[in-house]
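The values are calculated or read from the model by the stated rules, or taken from the named source; none is laboratory data. In this text, all values refer to a predicted model and were calculated from it rather than measured experimentally. Please note: Cβ atoms are built from the backbone with ideal geometry, for glycine as well, and neighbour counts cover all protein chains shown.
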Amino acid sequence: MIYWLIRFINSYRQYVIFTILLLFSLFFLSLNDSKEISNLRKASFIFYGLIDYIKSPLDDFFHLRSEFEILKKENTELTQQLLRLKEYEKERNELLELLNFEKSNPIKLINARIILKSSDPVRNKFIINKGRNDGVKLNATVFSYSGLIGYISDLTSNYSVVYTINNLNIRISVKNARSGALGILSWDGEKFKIYNVNKSADVKEGDLFVTSEFSSLFPAGLPVARVTYASRASETLFYDITAKSACDFSEVKFCLVELSDLEKQKLNFLLNQSE
């Protein structure tokens, strides 16, 4: 009998399970109006409402957090784009200034981009994207529209090394553009100093010093540095002068390289002075 029952269940187990579930359903339907079922239904509604009450703010929080992250990312991207646009505008204005200077200047010049800057406070150098193939020569003067940068110390066919004026071993003969007072400008590792300016000379803070006609390396008249401090208080016969370079070496991205012969320029200058 038991064997037959087991065999019957195995053969018709789907129908047996369906019948059992149907009987349970009918049983619970018969209890539909009972107090226990009613209380259970109320408890389930309360529980569901409580879960929904807790869940809704959490859903809103995570949704807002997701939107915040998206907006934060978009804001970062827009900020980067704005910075790039400002940088492009700055480079464009600098390049326009150089091109205008190049057109208005009788000296033969070529513009170049600064592609690398060294950070050595003793021997500062730039590398530019113009070289021998572009007509650049050793010792050629390099400057921006705002002031003197340095000179070509080494070059290849397509690139050149610029030895900037903020180096310890460079001395430049300079002249006060306002009063004509002469001096020697050099870099002490932290700032520019102007030496050998006699105390009887007229020097004020804000005065611009330019390359003088006595410079053996640079043509005359190029802006070099502006006085930030000038005092006669020292015990020597000369001023104590501190200056700031006319060219901002940290910001400059383009430059002009002189292609004309410096000796010919100096000869023309002396001839004009003698007339």
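Key figures for this structure:
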item: Hey, Phe249 at pLDDT below 90, more than 21 Å from Phe214 (Cβ to Cβ) and surrounded by 12 or more Cβ atoms within 10 Å (Cβ to Cβ) or not; result: no
item: Selected residue (only one of Ser231, Ser186, Ser200, Ser216 is surrounded by fewer than 13 Cβ atoms within 10 Å (Cβ to Cβ), closer than 21 Å to Asn124 by Cβ and either aromatic (Phe, Trp, Tyr) or assigned by TED's automatic domain parsing to the domain that holds Asp120 (or both)); result: Ser216
item: In the range 122-143, the residues that are outside any strand (DSSP E or B) and either among the charged types (D, E, K, R) or crowded, with 17+ Cβ neighbours inside 10 Å (or both); result: Lys130, Gly131, Arg132, Asp134, Val136, Lys137, Ala140
item: Among (1) outside any loop (DSSP other than H, G, I, E, B); (2) on the phi > 0 side of the Ramachandran plot - the single one Ala230 does not satisfy; result: (2)
item: So Ser260, is it modelled with pLDDT under 90, closer than 15 Å to Gly150 by Cβ and polar (S, T, N, Q); result: no
item: Matching entry among Ser146, Ser119 (being in a loop (DSSP other than H, G, I, E, B), at pLDDT below 75, among the hydroxyl-bearing types (Ser, Thr, Tyr) and surrounded by fewer than 18 Cβ atoms within 10 Å (Cβ to Cβ)); result: Ser119
item: Residue within the range 158-174 that is touching a Lys or Arg at 6+ places or on another chain (Cβ under 9 Å), more than 30 Å from Asp134 (Cα to Cα) and among the hydroxyl-bearing types (Ser, Thr, Tyr) present; result: no
item: When residues of the range 127-168 are limited to those that are polar (S, T, N, Q) and without any contact (Cβ under 8 Å) to a residue 40 or more places away in the chain, the one nearest to Glu190 (Cα to Cα); result: Ser153
